[in-house]
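The values are calculated or read from the model by the stated rules, or taken from the named source; none is laboratory data. Keep in mind that this is a model prediction, so the values were computed, not measured. Here the Cβ positions follow ideal geometry from the backbone for every residue, glycine too, while neighbour counts run over all protein chains shown. Heavy atoms of the whole protein, side chains included, go into the accessibility calculation; ligands, DNA and RNA do not. Shrake-Rupley method; radii C 1.70, N 1.55, O 1.52, S 1.80 Å.
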Amino acid sequence: DHGSNYNLLANPYPSAISADKFLEENLDIDGTVYIWEAKTQPLSIGTGYYDQSDYITYTKAGSTAPSIGTHIFNGNIASAQGFMVKALSSGNVLFNNCMRLSGLTDNNSFFRTTTEKASNSAVLSSMSLDRFKLNLTSSTDHFNQVLIAYIPGLSMGYDRGYDASRNSTSGSQIFTIMGETNQRLAIDARPAFVNTDVVPLGFTSTSPISSTNFQISIVDKEGVFQDDNVDVFIHDKLNNVYHNFDNGVFNFTASQSELLNRFDVVYQSSTLNNQDFDEV
């Protein structure tokens, strides 16, 4: 059922393959690769579970991490690595030799448990991207991450191969909300950056809301966001507060398990907005 199900695939070659080339060749999938990884080993063998296991989400815009300290997935799918895709229509996927990578370090990243990690030695893209990530953490040890990227030529709608829907098992999650469709995104790739952009940010949690504290922080700033003159704020519309991430993490509590209209990511506070004048 391509409307709701994900499909488990694996790299069949004895070498890594390029996720970008795989997505370019297979237009019947939605343009995202999901790879499962666990932060820790099972708490007990046989009947135990993995603490903070979740999916890496990857598109050409970048990747999100399943836990704090996980290195950035560089788009090289290692030999025998399993991964999930979502079908847009019924059909087959194609693997071919054009996807294969032959670099000495291309096949070093294999994701399964915390013991099989490689250092991040590859560059995600030769193109300089304007992007950053927001981390959600909680007093119940939940973790979740969202990537916001600005790439010239993209749209405010869903751009296949760049945007990615939320597919997470974390007990607490943040995501951007796309336009009129209200689609929940783990990777939100938008057109060229302008400081008047407003990015709606959603939140859900299975934690006991009344006793849980949450934090949102910014990490992995690249491109224009490394400029000291470019600020990133979270606008808490409930309390009419603009929090500049340059001043540290944003702390909040929630009165309900789902918040879809409370937070925006913005790049100027209300005090910085320029007054508009009509020309006469």
>> With the structure loaded, tell me whether residue 113 is under 12 Å from residue 35 (Cα atoms), at pLDDT 95 or above and not aromatic (Phe, Trp, Tyr) or whether it fails that test.
In response: no
> Can you name every residue in region 43-69 that is of a type outside the set (Gly, Ala, Ser), farther than 20 Å from residue 206 by Cβ and modelled with pLDDT under 65?
Replying inline: 45, 47
> Pick from region 157-187 the residues that are over 25 Å from residue 138 (Cα atoms) and in contact with a Gly (Cβ under 6 Å, 6 or more places away or on another chain): which of them is least open to solvent (accessible area, probe 1.4 Å)?
Replying inline: 161
> Exactly one of (1) modelled with pLDDT under 85; (2) open to solvent by 60 Å² or more (accessible area, probe 1.4 Å); (3) closer than 29 Å to residue 222 by Cα is unmet by residue 37. Its number?
Replying inline: (2)
> Filter region 86-110 for residues that are of a type in the set (A, V, I, L, M, F, W, C) and at pLDDT 85 or above; which is surrounded by the most Cβ atoms within 10 Å (Cβ to Cβ)?
Replying inline: 99
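Which residue, of 204, 196, is part of a loop (DSSP other than H, G, I, E, B) and β-branched (Val, Ile, Thr)?
Of the residues listed, the single one that is part of a loop (DSSP other than H, G, I, E, B) and β-branched (Val, Ile, Thr) is 196.
Kindly provide the set of residues from region 188-207 that are hydrophobic (A, V, I, L, M, F, W, C) and open to solvent by 30 Å² or more (accessible area, probe 1.4 Å), ordered by number. Spell out the reasoning first.
Looking only at region 188-207, we keep the residues that are hydrophobic (A, V, I, L, M, F, W, C), and these are 189, 192-194, 198-199, 201, 203.
Residues satisfying the conditions are 192, 193, 194, 198.
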>> Being among the charged types (D, E, K, R) and farther than 30 Å from residue 38 by Cα is true for just one of 163, 227, 159. Which residue is that?
In response: 227
